[in-house]
Amino acid sequence: KRFEAYDWHVIPDVDGHDEEAVGRAIRGAKAAANKPTLICCKTVIGKGAPTRAGTAKAHGEALGAEEVAATRTAIGWNHPPFEVPRQVYDGWDARKRGADLERAWNERFLAYEKAHPEAAREFRRRVAGELPAGWKEHCTALFDKINAQAEVVATRKASQNALEGLAPILPELIGGSADLTGSNLTLWSGSKPVGREGGGNYIYYGVREFGMSAIMNGLALHGGIIPYGGTFLTFSDYSRNALRMAALMRIRTIFVFTHDSIGLGEDGPTHQSVEHAAALRLIPGIDVWRPCDTVESVAAWIAAIERGDGPTSLLFTRQNVPFQKRDAHTIAAIRRGGYVLSDAQEPKAVIIAAGSEVQLALGAKKKLGEEGVAVRVVSMPCTAVFDRQPPMYKDIVLIPTLPRVAVEAGVSDYWRKYVGLEGAVVGIDRYGESAPGAKLFEYFGFTVDNVVKAVKSVLH
């Protein structure tokens with residue numbers, strides 16, 4: 001009934017052991033060309049196994065030699081193990097049928113290409129996963145514009161601004177949100193809802209984070225589409241299996257997660273992400289970007305779009321964050337995942353920070369400098385990308401001989417691989433509270449003074 005409510009074509013009560021019944025259902029699905037079909041088959045697990053059919057044992061363990069022999073007798077299977085009868089093999093061999101279908105499709109496409117050469121070229125580009133001509137120049141111009149604007153906004157707003165700058169030249173970008181469009185700011189001025197008649201480039205998924213994420217994976221697997229969709233970072237838990245599958249399949253799916261820390265404030269600990277950034281970073285193959293301002297937000301979006309061999313999660317704040325001025329060299333370094341944002345002569349320690357906590361690291365650097373203690377500030381918006389850099393680059397940035405302090409409004413354990421046992425982490429290893437974001441930052445020790453204290457602790 002649920003799928004009927006979605007306006008799917010539903011074929012119920014099909015005997016999954018009846019070849020003719022299954023065939024009729026498939027033909028019925030093909031005939032319903034204007035909507036998706038759900039075929040509901042009734043089957044018996046382990047059917048044919050005399051003592052295991054219809055039991056959990058048919059699912060959870062091997063049948064065993066005796067039951068296998070009895071099953072062979074019961075279903076009349078007289079062929080030795082691993083021998084596939086020619087009739088069965090031919091029935092499943094789709095090579096000739098597939099080759100015929102491919103040949104016919106290619107002929108249709110050649111005719112289409114002659115009639116519509118420009119559209120055919122665009123189709124080839126999108127299916128090949130290539131970015132449009134002038135992409136690099138466009139990105140450079142966008143960086144220059146964002147850097148000149150120097151806006152103080154939430155990074156979720158910076159994300160929307162990045163979409164406004166990038167989406168117009170990427171018609172293959174298909175967005176959406178799990179009923180949080182106004183909060184995630186995943187809508188841009190050129191967004192058009194996908195409706196019953198097709199078309200459009202924005203999907204209102206409803207409150208179904210896993211469904212949204214799985215659908216995005218399907219769009220990416222189809223090819224010619226770069227899907228992105230948003231929800232709150234805390235709700236990434238609901239999407240976890242689809243996130244893992246995207247990483248496993250190495251597909252270009254972009255997951256947008258906003259309201260990324262206790263900084264979201266009054267919604268309280270149920271909505272305040274504490275462990276989620278670290279949990280996402282632990283999924284092999286997924287790049288997790290947590291930018292600190294407008295420029296890093298653009299860099300994160302560009303990295304996600306350019307990454308053709310895996311998914312990306314983009315983590316954005318609810319609250320405003322300060323803009324950090326950069327030169328062209330520093331902007332280019334963002335793509336390496338971690339870089340020196342603010343340096344000092346003969347630094348005595350390195351402060352590593354991500355996202356909204358970068359401002360605390362810079363504030364601590366200034367205060368320590370006034371006390372005669374020089375420190376380097378490293379912004380690390382994407383640990384996965386930084387980890388893929390050559391060892392020499394990582395050593396140049398982090399200076400192995402110096403003590404380190406990491407600052408992030410999340411669980412502290414993840415940062416131990418960067419600061420070591422002798423370093424310090426300013427983090428949060430408990431759930432948040434319901435209060436204004438600024439008050440929570442102060443309450444949980446995310447202050448310039450506390451970062452200064454942490455640096456002094458590793459120096460002594």
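The values are calculated or read from the model by the stated rules, or taken from the named source; none is laboratory data. It should be emphasised that the depicted structure is a prediction, and the values quoted were computed from it without experimental measurement. All Cβ positions, even for glycine, are placed from backbone atoms using ideal geometry, and neighbour counts span all protein chains on display.
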Query raised in the report: Do we find a residue being under 21 Å from GLY420 (Cα atoms), assigned to a helix (DSSP H, G or I), outside the structural domain of VAL256 (by TED's automatic domain parsing) and of a type in the set (D, E, K, R) anywhere in the range 368-378?
Result: no
**Report entry** Answer residue from the range 1-30, given it is within 35 Å of the chain's Cα centre (by Cα) and part of a helix (DSSP H, G or I) and is nearest to ALA53 (Cα to Cα) among those
**Finding:** ILE26
Query raised in the report: So VAL377 clears everything in (1) within 24 Å of GLN149 (Cα to Cα); (2) surrounded by fewer than 22 Cβ atoms within 10 Å (Cβ to Cβ); (3) out of contact with any Pro (no Cβ under 7 Å at 6 or more places or on another chain) except one condition, right? Which one?
Result: (2)
Query raised in the report: Only one residue in LEU180, LEU185 is touching a Lys or Arg at 6+ places or on another chain (Cβ under 8 Å), buried (at least 19 other Cβ atoms within 10 Å of the Cβ), closer than 16 Å to ARG318 by Cβ and not acidic (Asp, Glu), so which one is that?
Result: LEU185
Query - Enumeration of residues in the range 355-370 that are crowded, with 23+ Cβ neighbours inside 10 Å and farther than 23 Å from VAL411 by Cβ - result: LYS365, LEU368
Query raised in the report: In this structure, does GLU137 turn out to be surrounded by fewer than 20 Cβ atoms within 10 Å (Cβ to Cβ), closer than 22 Å to PHE257 by Cα and either touching a Pro at 6+ places or on another chain (Cβ under 7 Å) or not aromatic (Phe, Trp, Tyr) (or both)?
Result: no
Query raised in the report: If only one of GLY190, GLY176, GLY230, GLY195 is over 23 Å from ALA158 (Cα atoms) and not assigned by TED's automatic domain parsing to the domain that holds ALA33, which one is it?
Result: GLY195
Query raised in the report: So which residues in the range 148-159 are surrounded by fewer than 21 Cβ atoms within 10 Å (Cβ to Cβ), of a type outside the set (Lys, Arg) and in a helix (DSSP H, G or I), if there are any at all?
Result: ALA148, GLN149
Query raised in the report: Out of all the residues in the range 53-73, is one or more closer than 30 Å to GLY198 by Cα and not in a helix (DSSP H, G or I)?
Result: no
**Report entry** Residues of the range 386-435 satisfying the condition of being in a loop (DSSP other than H, G, I, E, B) and among the aromatic types (Phe, Trp, Tyr)
**Finding:** TYR431
Report task. Would you check if there is a residue in the range 25-46 being of a type outside the set (Ser, Thr, Tyr), in contact with a Lys or Arg (Cβ under 8 Å, 6 or more places away or on another chain), surrounded by 12 or more Cβ atoms within 10 Å (Cβ to Cβ) and within 28 Å of VAL68 (Cα to Cα)? Result -> yes
Query raised in the report: Given ALA65, ALA70, which one is more than 36 Å from the chain's Cα centre (by Cα) and surrounded by 11 or more Cβ atoms within 10 Å (Cβ to Cβ)?
Result: ALA70
**Report entry** Meets criteria (modelled with pLDDT of 95 or more and surrounded by 14 or more Cβ atoms within 10 Å (Cβ to Cβ)) for ARG404
**Finding:** yes
**Report entry** Members of the range 1-12 found to be loosely packed, with under 12 Cβ neighbours inside 10 Å and touching a helix residue (DSSP H, G or I) at 6+ places or on another chain (Cβ under 9 Å), listed by number
**Finding:** none
Query raised in the report: In this structure, does ARG250 turn out to be in contact with a Pro (Cβ under 9 Å, 6 or more places away or on another chain) and more than 25 Å from VAL153 (Cα to Cα)?
Result: yes
